[in-house]
């Protein structure tokens, strides 16, 4: 029987680990922000760091001959009017913005440009809105006025205001009324009576609890809600599936009457509230601008209108350093200077990274920009990452929430990534987005008396060299909200 002995010893091991420092977290966060989001982030940093200043504000203070000082050459008051020299890091950043030497795959120049958006051609580096629409009257304001004039009983007005608080922006009332009855301590019958009064308000269809009721309220306002129309509204799923034969049988009318009833329903507004208070659509602002060169190449640049530019005020830092005495003040100044330099360096690195990723996307999708969506290549994040020597996660952050203005329109960088569908015969592959475009084109070109089944679409795509399964065609068609061949056939018969 052996006895095992234990001993202690000291070993020294060396290993590499990645530590997520606050500075590294800051750089990663900045990388995935759009230019507009980055501007807000930089503004917050400028507010809390006295050594940082926005470049635009500094240029406004510089006179044509006196530079950063006053008329006597003395520096302006501090810290209200900050001025000073640019640190080497800041100078490197904004000198790089004047142009990058290399193979010409991308250029950071700030020359005027022109690019074709979705709604035409925009010239110059400033996107101007010549006309701004006045704020439309809100749905709530419109209904409050009617409550005040049409409901004479004070108790009914209180009930109406509580119901109004539950109204959606589309004009629908999805919430249950039991909560209002319990809150106000009144019978549910009275609540429903007030609701019926509210359902007579303008716009017709407001305060409906579902689509069928919304359409019925509008038809009642037109005096067109007869029993046959009510039956049709009670069977909207049959209308959605274009089952005209079943509707003819249920409504007890002929096919011509059903067609007239459907045409009248199509003239109604399924979301009446949006006419008064439409949701504000935030327009997408390009982060990257792309334009063609005379020799056929492409030039990419960051949008100068949205790109924040900051400088480190080294002169102000030197003046403060001479005036500091305590160790705490010196440590604080050193920390602020380090943070300011790191921010400028991170901005430079972000600009370089975004342009490098965008340039590689343009290089790999060159066919799309020259010939259209049918030439879109299959592309995944790994393809870009391997080509430019970056990590896949970095490419993912760069392409998130970034838009590029191209001669073919405004696109999110994520748009250019698409899975692949093998080509017939195994030679090459097709982009899934290009195949979806081809499916949409085939269905759009259907003759008036014929519809293409999914099986027939598969045959036509295979003639074009696309090896695709029928269920994949059906999945793409449903994703594009295109009805099946049977539904399209019934719709054409209508």
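The residues 471, 436, 489, when put in order of fewest to most other Cβ atoms within 10 Å, stand as 471, 489, 436. With R₀ set to 30 Å, the beta-carbon distance separating residue 328 from residue 41 gives a calculated FRET efficiency near 0.60. Taking 0.36 nm per residue of sequence separation and removing the Cα-Cα distance, the residue 176/residue 140 pair yields an extension gain of 11.0 nm.
If the viscosity is 0.692 mPa s and the temperature 37 °C, what translational diffusion coefficient in µm²/s does Stokes-Einstein give for the stretch 356-488 when Rh comes from Kirkwood over Cα pairs? Walk me through the numbers on the way to the answer.
Working: Rh = 16.1 Å.
So the translational diffusion coefficient is about 203 µm²/s.
Cβ-Cβ distance of residue 55 and residue 475, R₀ of 60 Å, FRET efficiency by 1/(1 + (r/R0)^6): the value works out to about 0.75. The distance from the alpha carbon centre of the stretch 341-375 to that of the stretch 236-271 is 51 Å, rounded to a whole number. Here the spin labels are modelled as points 7 Å beyond Cα on the Cα-Cβ line, and at residue 450 and residue 269 they lie 4.3 nm apart. In a fully extended conformation the segment linking residue 484 and residue 349 would gain 43.6 nm over its present Cα-Cα distance, using 0.36 nm per residue.
Put in order of Cβ neighbour count within 10 Å, fewest first, the listed residues 473, 312 become 473, 312. Each of 12, 144, 376 has some number of other Cβ atoms within 10 Å of its Cβ, and from fewest to most they run 12, 144, 376. The simple Förster model, with R0 at 30 Å and r as the Cβ-Cβ distance, assigns residue 342 and residue 14 a FRET efficiency of 0.65. Compared with the direct C-alpha span, the chain from residue 335 to residue 211 gains 38.6 nm at full extension, assuming 0.36 nm per residue. Using only alpha carbons, the stretch 419-494 has a radius of gyration to Kirkwood radius ratio (Rg to Rh) of 0.99.
Coordinate-derived values only; no laboratory data. Treat the numbers as computed from the prediction; the structure is a model and nothing was measured. Here the Cβ is made from the backbone with ideal geometry for all residues, glycine too, and neighbour counts use every protein chain on show.
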